[in-house]
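> Sharing a structure below in structure tokens format, with a few things to ask.
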Amino acid sequence: MNQNKMYSLEEVKAFVEEEDVKFIRLAFCDIFGNMKNISIMSHELERAFEDGVSFDASAVEGFADADKSDLFLHPDSSTLTVLPWRPQSGRVVRMFCDIRHPDGTPYERDTRQFLRQAVETAKAQGISVSFGVEFEFYLFKTDEEGNSTKIPFDRAGYLDIAPEDKGENVRREICFSLLDMGILPESSHHEEGPGQQEIDFRHGDALTTADSAVTFEAVVKTIAMRNGLFADFSPKPLPDQSGSGMHINLSLDSGDKDLTFMFMAGILEHVAEITAFLNPVRESYERLGGNKAPKYITWSRENRSQLIRIPAAKENHKRIELRSPDAAANPYLAYALLIYAGLDGIQKKMQPQPSTDCNLFVAEEAVTKTLRQLPTSLDEALSLAENSTWLNQILPSEYIEQYRKHNR
């Protein structure tokens, strides 16, 4: 079925019957971006659409307390997709869901809804933001019981090919699975680290791309497991090797006006305050500052030592690439905060500081001592978030509290 089209209950029921679907997974994310799901049988579809399916929110970290723990999942039929690795007889489909209170009102910690609100805020100002994502991850061997080791699947390097690159068939299977689910990969290759891979997929609207990002990680982990491997998306799995990032590309459609630099200026202004949500685990800060991961709050054209790079592209493909985030981030929350930061730049007509046109990884102290830096630890990042007047006007305070509690 086509993504971005909202299907009626009757259309979904017809699809389920025609395609021999027996199980429907109702998926959502906790506030940290971890996918959860409840599986229902096909005969429960009508109840799911009309009333929602309840779950115990107190059992989901970062969600409600036990005294008000009933929440309901309401499927978003535009996200209906078949899980291609499940059996063809008695097929399994998945839909992302909106999370609501028993009275039908949206749940405040539903980050998918938080992103939808950011998109609507931008739309009201005549602005649309498209996102593209570049994921890096490691493939590790597993032991006799299927548990991950820290032994890389190969010893290949950047853009190497087989036989040194042992991951190409795994990447191929991942890309075919993504295509079957309506996600269009753009490129894939071996990255710098041993066993390190990169797969990028085509840009799209914020909500679809965030759904795709969450789906992507689940697909990669599943295909890796089917091949006797473990896919590790953590920021710095090997201390002496390149870390893994989740580079976020943003492009702006603002009608006749090019507001890209104001939007970028807003991100540069607020990035330190939102870094706790772009780099949300302690290990994130072991990656930043080395092996092409940024340390300073700077920008430049075509320069991979910067926080923001403007890649070489034709005018109609102009975009900015934010290089600090990693895959531990909740994409719904990350995209929403970047939209709000960019909108603040436009509203206040901010202009970015001059570009820093040098290699900051080897720059002398005379150059770097005047530059603003990203937070150097999660504690520092969380403190900046807590003390940000701007952020606390946008993000409910319990988000910051839950992220601090999560990382004790």
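The values are calculated or read from the model by the stated rules, or taken from the named source; none is laboratory data. Note that the structure is a prediction, hence the values are computed from the model and not measured. Counting neighbours? That spans all protein chains shown, and the Cβs are built from the backbone with ideal geometry, glycine included. Quick note on the areas: whole protein, heavy atoms, side chains included, nothing else; ligands and nucleic acids left out. Shrake-Rupley method; radii C 1.70, N 1.55, O 1.52, S 1.80 Å.
> Cross-link candidates for residue 5: which lysines have Cα within less than 16 Å, leaving aside residues fewer than 8 places away along the same chain?
Result set, ordered by chain and number: 13.
> While we're on this one: Compute for region 198-353: radius of gyration divided by Kirkwood radius, i.e. Rg/Rh, restricted to C-alpha atoms, rounded to two decimals.
Computed over Cα atoms, the ratio is 0.97.
> Which entries of 257/349; 141/166; 68/123; 236/292; 22/68; 166/221 show an alpha-carbon separation above 23 angstrom in the structure shown?
Violating the 23 Å limit, Cα to Cα: 68/123; 22/68.
> Sticking with this structure for a sec: How many percent of the accessible area of region 228-278 is carbon or sulfur, using a 1.4 Å probe?
Roughly 49 percent of what the probe reaches on region 228-278 is carbon or sulfur.
> Kirkwood-based Rg over Rh for region 84-142 (C-alpha set), two decimals?
1.14
> Between residue 35 and residue 14, what is the label-point separation in nm under the 7 Å Cα-to-beta-carbon projection?
2.8 nm
> Given a Förster distance of 45 angstrom, what is the FRET efficiency for residue 361 paired with residue 61, based on the Cβ-Cβ distance and rounded to 0.05?
The formula returns an efficiency of 0.75 here.
> In debye to the nearest 20, how big a dipole does region 1-158 give about its Cα centre with +1 on each Lys and Arg Cβ and -1 on each Asp and Glu Cβ?
Result for region 1-158 is approximately 500 debye, rounded to the nearest 20.
> Write down the accessible area per residue of the chain in Å², having rolled a 1.4 Å probe over the full set of protein chains.
Accessible area per residue: 45 Å².
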